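The values are calculated or read from the model by the stated rules, or taken from the named source; none is laboratory data. This one's a predicted model, so the numbers in the text were calculated from it and none came from an experiment. Every residue, glycine among them, receives a Cβ derived from its backbone with ideal geometry; neighbour counts consider all protein chains shown. Side chains included, ligands, DNA and RNA excluded: accessible areas come from the protein's heavy atoms. Shrake-Rupley method; radii C 1.70, N 1.55, O 1.52, S 1.80 Å.
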Amino acid sequence: MSTLHLTAQIWPEDDAFIAHCPELEVTSQGDTFEHAIAMIKEAVELTLSDMSPEELADQLHPTPALVPFEVQLSA
């Protein structure tokens with residue numbers, strides 16, 4: 001069994017936390033930050049269980065770089 005290293009973007013929205021895996025374009029949500037992590041893992045595992053290795057290669061996007069930057073706000 002091999003391991004696939006992925007990332008999750010997680011943010012609060014209303015009364016939930018949204019979790020998004022950009023490499024596979026899979027999104028889920030949870031009641032807490034930790035629950036959102038568990039739910040995105042489950043959603044990705046379900047997605048991967050239906051994919052052949054060829055489909056995975058076609059669907060897998062490169063891990064995005066998160067780069068901080070600044071902008072000036074006009075008064």
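Open to solvent by 100 Å² or more (accessible area, probe 1.4 Å) and either small (Gly, Ala, Ser) or modelled with pLDDT under 95 (or both): which single residue out of Ala16, Ala65, Ala57, Ala75 fits that description?
Of Ala16, Ala65, Ala57, Ala75, the one residue that is open to solvent by 100 Å² or more (accessible area, probe 1.4 Å) and either small (Gly, Ala, Ser) or modelled with pLDDT under 95 (or both) is Ala75.
Given the structure, is Ile10 part of a strand (DSSP E or B), open to solvent by less than 50 Å² (accessible area, probe 1.4 Å) and free of Cβ contacts under 8 Å to residues at least 60 places away in the same chain?
The answer is yes for Ile10.
Exactly one of these conditions fails for Lys41: (1) assigned to a loop (DSSP other than H, G, I, E, B); (2) open to solvent by 90 Å² or more (accessible area, probe 1.4 Å); (3) within 21 Å of Ala65 (Cα to Cα). Give me its number.
Unmet for Lys41, out of (1) assigned to a loop (DSSP other than H, G, I, E, B); (2) open to solvent by 90 Å² or more (accessible area, probe 1.4 Å); (3) within 21 Å of Ala65 (Cα to Cα): (1).
Could you pull out the residue among Glu34, Glu70 that is assigned to a loop (DSSP other than H, G, I, E, B), open to solvent by 100 Å² or more (accessible area, probe 1.4 Å), without any contact (Cβ under 8 Å) to a residue 12 or more places away in the chain and among the charged types (D, E, K, R)?
Unique residue meeting the criteria: Glu70.
Is there any pair linking a residue in the range 40-55 that is under 16 Å from Glu23 (Cβ atoms) to one that is small (Gly, Ala, Ser), with Cβ under 7 Å and at least six apart or on different chains, and which?
That search, which allows pairs on different chains as well, returns Ile40/Ala8; Ile40/Ala19; Ile40/Ser28; Ala43/Ser28.
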